[in-house]
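The values are calculated or read from the model by the stated rules, or taken from the named source; none is laboratory data. None of these values were measured; they are calculated from a predicted model. Here Cβ is always computed from backbone atoms with ideal geometry, including for glycine, and neighbour counts include all displayed protein chains. With ligands, DNA and RNA removed, areas are computed over all heavy atoms of the protein, side chains included. Shrake-Rupley method; radii C 1.70, N 1.55, O 1.52, S 1.80 Å.
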Amino acid sequence: MEQKLIFTNEVGDAIDVLVADFGNPDVVLISDTGVAQAVLPVLVNDSKAVASAKRIIVGEGDDNKNLDSLASIWQQLSDCEATRHTVVINLGGGMIGDMGGFAAATFKRGMRCINVPTTLLAAVDASVGGKTAINFNGVKNQIGTFAEPVASIISTIFFNTLPQQQILSGYAEMLKHALLESDEMLSKLLAYSPVYPVFDSEAMLPLLRESVAVKARIAGADLTEQGIRKALNLGHTAGHAFESMAMARKSPVPHGYAVAWGLVVELVLSHMLVGFPSDMLHKFAAYIRTNYGAFAINCKDYPALLAYMRQDKKNTSPDSINFTLLPSVGNPEIDRTATPDQIKAALDIYCDLIGC
């Protein structure tokens, strides 16, 4: 079944229509403590299905996207006698979409689920395309599966209450989609400020719809990432390494920030290896430096970063590190590899551009 994408600010009504279309089955809602406090009361008032749903609430933060939390969700699904006909609603950010989707995909060999993202990052990334996962052994998203939700309800009504850091985190994925799509789309995003007080969630909606369409098109053509979907990993080989290093330092960074810094590294590699234009590299790096700051590294960190990159899921052997590279905006090349020396050189240039 193809995932349905619903863009609306009438979220409660959209949920009730979907549940009614499914024949009004039992509903289990999965969320985290923060969203349960800030968002859930609003939807309880707006949706009969949410008001009557059984609830599973887990701890906030990506450090809770682990095997213990997943087992707790499975246990609670069992305790409330959920069946394959039960519908799961994942209400929250990317952590809930990833882990709740994985729980739904595996419990009873698969349950239907609806994603209701409450952050920009989740709306543009985790809620679309069917990737589900948990972190394992200190590495991001090591255990998971491909399982599309039956629908994602994408709205901007939750965004005005988000910290600026979360808005910027989601915007990094939008920048990635623009790099994969066109100069026109990238120029539009680089001219827009996603920071307060300029940020306007209503003005964001058309940009968000356009960005989601890029991911939906690419993921829909290659759900299980055998080919072109690998393009969506642009920025993520280096980005996940930054994210894993931050976790090891006991100072986690938002996923989108890590992706933003990873995009700079991989555009540097693209310039070195396939000729990505220098002027666009400098323009993009300046935007990231201004809005995201820098992930501070030095040459002593390079061996650890390379070790994290070698654990990337796209790699086909322990001896090669796989990247998506761009000869130009809108022209991704998948399954490109770089040597350790080339990656170290790119990290040096990243530090010069970002100001480590």
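Listing for the model above:
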{"item": "All Cα pairs of the chain, percent lying beyond 39 Å", "result": "12 percent"}
{"item": "Full-stretch length increase - Asp13, Ser317 - with 0.36 nm per residue and alpha-carbon distance subtracted", "result": "104.6 nm"}
{"item": "Over the stretch 117-215: Kirkwood hydrodynamic radius from C-alpha pairwise inverse distances, Å", "result": "14.3 Å"}
{"item": "Anchor Lys176: aspartates and glutamates whose Cα lies under 16 Å away (excluding residues fewer than 8 positions away in-chain)", "result": "Asp125, Glu184, Glu210, Glu266, Glu333"}
{"item": "Ranked packing of 10-18, 79-87, most packed first, by mean Cβ within 10 Å", "result": "10-18, 79-87"}
{"item": "Residues of type lysines that Lys250 reaches as a straight line, Cα spacing below 22 Å, ignoring anything fewer than 8 places off in the same chain", "result": "Lys65, Lys140, Lys300"}
{"item": "In nm, spacing of pseudo-spin labels at Val195 and Ser52 (7 Å Cα→C-beta vector)", "result": "4.8 nm"}
{"item": "Pairwise centroid distance, computed over Cα atoms, of the stretch 332-346 with the stretch 142-188, Å", "result": "25 Å"}
{"item": "Lys, Arg +1 and Asp, Glu -1 on Cβ, resulting dipole of the chain about Cα centre, debye, nearest 20", "result": "520 debye"}
{"item": "Within the accessible area of the chain (1.4 Å probe), percent carbon and sulfur", "result": "51 percent"}
{"item": "Per residue, in Å², the accessible surface of the stretch 140-197 once ligands and nucleic acids are set aside, probe 1.4 Å", "result": "36 Å²"}
{"item": "Gained length - Thr224 relative to Glu184, 0.36 nm times residue gap less alpha-carbon distance", "result": "11.5 nm"}
{"item": "Unpartnered cysteines - no second Cys beta carbon under 4.7 Å - across the chain", "result": "Cys80, Cys113, Cys299"}
{"item": "In Hz, Karplus ³J(HN,Hα) per residue of the stretch 78-87 (6.51, -1.76, 1.60; θ = phi - 60°; x = Gly, Pro)", "result": "5, 4, 8, 6, 5, 10, 5, 8, 5, 9"}
{"item": "Viscosity 1.306 mPa s, temperature 10 °C, Stokes-Einstein D of the stretch 1-88 from Kirkwood C-alpha radius, µm²/s", "result": "112 µm²/s"}
{"item": "Over the stretch 235-327, volume per residue of the alpha carbon convex hull, in Å³", "result": "98 Å³"}
{"item": "Listed peptides 208-216, 228-236, 276-284 by packing density, highest first (mean Cβ within 10 Å)", "result": "228-236, 208-216, 276-284"}
{"item": "Cα-based shape type of the stretch 1-159, given that a ≥ b ≥ c are square roots of the gyration tensor eigenvalues and the cut on a/c is 1.5", "result": "rounded"}
{"item": "Ellipticity estimate at 222 nm from DSSP helix runs (n ≥ 4, -39,500 (n - 2.57)) divided over the chain, nearest 500", "result": "-15500 deg cm²/dmol"}
